[in-house]
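Please treat every number below as a calculation from the coordinates, not as lab data. Treat the numbers as computed from the prediction; the structure is a model and nothing was measured. Positions of Cβ are generated from backbone atoms using ideal geometry, with glycine treated the same way; all protein chains shown enter the neighbour counts.
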Amino acid sequence: MKQDKLYKVHRQGNLLILRAAVGGTDGSVVVLRLLLDTGASHTMLPVEAVEAIGCDTHHPLRRVHIMAANGVIIAPVVAAPWFHCLGQRLEEWPIVAHTLPPGTFVDGLLGMDFLTHFGAIINVGKAEVGLGHLPR
């Protein structure tokens with residue numbers, strides 16, 4: 001796999017944290033701190049953020065079951081008009097709308113859906129994420 005670009009992320013202990021932005025068709029933008037989470041199947045943003053950009057969490061594309069520390073939660077999946085992270089902008093990207101518990105040091109999670117889509121290579125020691133293209 002060819003690696004196109006390396007992106008530095010913030011390392012906090014063994015965790016990698018990065019910034020992302022999500023926006024609506026009306027020009028609204030929300031900037032977020034996300035945990036790079038290879039254990040999360042889906043990218044997850046706070047309900048307040050997706051509603052602020054005009055997404056309707058009461059009439060989602062679908063709902064997903066997510067295993068959380070306190071049991072299974074059912075969360076709506078909405079199509080964010082655009083999502084930007086690690087130099088990549090995606091249109092109509094599916095986002096799980098779920099607010100993490102109070103006291104969490106990040107706003108949401110960057111999940112395997114995004115990482116797999118771009119063929120991410122993660123170097124935890126160097127706090128870098130390389131994005132490439134998956135073979136077609």
Task: For the chain, size of Cβ-based charge dipole, Lys and Arg +1, Asp and Glu -1, in debye - done: 560 debye
Open item on the list: Helix-only estimate, please: 222 nm mean residue ellipticity of the chain, summing -39500 (n - 2.57) across DSSP H runs of length 4 or more and dividing by its residues, to the nearest 500.
Closed with: -2000 deg cm²/dmol
Task: Radius 13 Å from Cβ of ILE122, net charge of other residues (Lys, Arg +1; Asp, Glu -1) - done: +1
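Return the Rg/Rh ratio of the range 1-97 with Cα-based radii and a Kirkwood Rh. Mind dumping the intermediate values first?
Working: Rg = 14.2 Å, Rh = 14.5 Å.
Reported Rg/Rh (Cα atoms, Kirkwood Rh): 0.98.
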TODO: Once you have the Cα-Cα distance between LYS5 and GLU91, take 0.36 nm times their residue separation minus that, and quote the gain in nm to one decimal.
DONE: 28.9 nm
Open item on the list: As an exercise, use a Förster radius of 22 Å and the Cβ-Cβ distance of ILE121 and ALA21 to find the FRET efficiency, rounded to the nearest 0.05.
Closed with: 0.45
